[in-house]
Amino acid sequence: MSPELQQAVKERVELGHSQEQITAELRSAGYDDQTIASVYNTTVSSTDTPTPSSAELPAATTLFKQAWTFALSRPDLLSLMVLPTLLINVGATAMELGWIPVGVVTVVGAVVGVLVLIFVQFLLQLTFAHTALTTQQSGEVTLSDSWNWATSHVWPWLWVATLSFCVVFGGFMLFIIPGVIASFYIAFAMYAFIDEDARGMSALQRSRALVTGNFWNILSRFVVFILILLGLSIVAGIAIALLAAALGAVGSGIEA
């Protein structure tokens, strides 16, 4: 057994790569399944791999500030992210107001258009995540580079997303709580796919490995994020309501 091959497998095991990821990588390098199984089992049995422990994660407020700063620094990404939803709402409003005649052709066109926009939104989410991760790791990345990466990886990611949906849906079928827990454990599958090229079930397993041992630390940060976003939404809703009331009062005064 090649010492170099065993060392390479050992390094990947210590990095948290799953057996499926290592097997796929060695297969692509030309190794047969028997050799792969032998070197993997030998390496794992001879390596005292510590159980993942709680990592030192930044505070939730720090993470939110970093995310907020990044979002504000990339208005191009924010504009593109809201564009599909904006177009859907504009189309629905136009149909309600009668600006677009409602008929069979219109309904079919609307359904097709919504499906296309959902697919575009799917691509934009992958583009946004790739941009954020690449920016953090290696500096600024152009929108076109991230978009080209997303379009060239959309089908493998669609498979990961389909598997994620099946896992979460299966959990919800076993009552709601298992579905919530499953969705939490696979929440980082997208980033495993982008950062490590983990595909299929390997991406879900890698996400689970990242969460294992850090469940409560990560969950607490998710909760704080949700509370912050909820608070901002309430404040924005109150501000919009007050603005609408003020504009209505001004309009009534002008009519009088």
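The values are calculated or read from the model by the stated rules, or taken from the named source; none is laboratory data. None of the values given here were measured: they were computed from a predicted structure. Here the Cβ positions follow ideal geometry from the backbone for every residue, glycine too, while neighbour counts run over all protein chains shown. Only protein heavy atoms, including side chains, enter the accessible area calculation; ligands, DNA and RNA are left aside. Shrake-Rupley method; radii C 1.70, N 1.55, O 1.52, S 1.80 Å.
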Quiz item: What do you reckon, is Arg221 in contact (Cβ under 8 Å) with a residue 40 or more places away in the chain, open to solvent by less than 50 Å² (accessible area, probe 1.4 Å), farther than 30 Å from Ala24 by Cβ and in a helix (DSSP H, G or I)?
Solution: yes
Quiz prompt | Matching residues in segment 110-144 - criterion: being open to solvent by 40 Å² or more (accessible area, probe 1.4 Å) and outside any helix (DSSP H, G or I) | solution = Glu140, Thr142
Exercise. Could you please find all residues in segment 126-144 being modelled with pLDDT of 85 or more and either out of contact with any helix residue (DSSP H, G or I) (no Cβ under 8 Å at 6 or more places or on another chain) or closer than 12 Å to Met81 by Cα (or both)?
Key: Leu126, Thr127, Phe128, Ala129, Ser144
Self-check item: Check on Leu5, aliphatic (A, V, I, L, M), in contact with a helix residue (DSSP H, G or I) (Cβ under 6 Å, 6 or more places away or on another chain) and modelled with pLDDT under 75
Solution: yes
Quiz prompt | One residue from Val180, Val168 being over 30 Å from Ala92 (Cβ atoms), aliphatic (A, V, I, L, M) and assigned to a helix (DSSP H, G or I) | solution = Val180
Practice problem: Looking only at segment 171-190, decide whether some residue is under 17 Å from His17 (Cα atoms) and among the polar types (S, T, N, Q). | Solution: no
Practice problem: Find all pairs meeting these conditions: Cβ atoms under 8 angstrom apart; at least six residues apart or on different chains; first residue within segment 78-99 and within 23 Å of Ala129 (Cα to Cα) and modelled with pLDDT of 80 or more; second residue outside any helix (DSSP H, G or I) and open to solvent by 60 Å² or more (accessible area, probe 1.4 Å). | Solution: none
Quiz item: Restricting to segment 9-21, what's the tally of residues that are at pLDDT 75 or above and either of a type outside the set (A, V, I, L, M, F, W, C) or over 29 Å from Trp216 (Cβ atoms) (or both)?
Solution: 5
Quiz item: How many of the residues in segment 133-169 are within 22 Å of Gln205 (Cα to Cα), touching a residue at least 24 places away in the same chain (Cβ under 8 Å) and of a type in the set (A, V, I, L, M, F, W, C)?
Solution: 10
Quiz item: Just one of Leu115, Leu126 is without any contact (Cβ under 8 Å) to a residue 60 or more places away in the chain and among the hydrophobic types (A, V, I, L, M, F, W, C); which is it?
Solution: Leu115
Quiz item: From the set of residues in segment 195-218 that are hydrophobic (A, V, I, L, M, F, W, C) and under 11 Å from Val160 (Cα atoms), which is surrounded by the fewest Cβ atoms within 10 Å (Cβ to Cβ)?
Solution: Met201
Self-check item: Qualifying positions in segment 17-34 - part of a helix (DSSP H, G or I) and either under 23 Å from Val211 (Cα atoms) or open to solvent by 50 Å² or more (accessible area, probe 1.4 Å) (or both)
Solution: Gln19, Glu20, Gln21, Ile22, Thr23, Ala24, Glu25, Arg27, Ser28, Asp33, Gln34
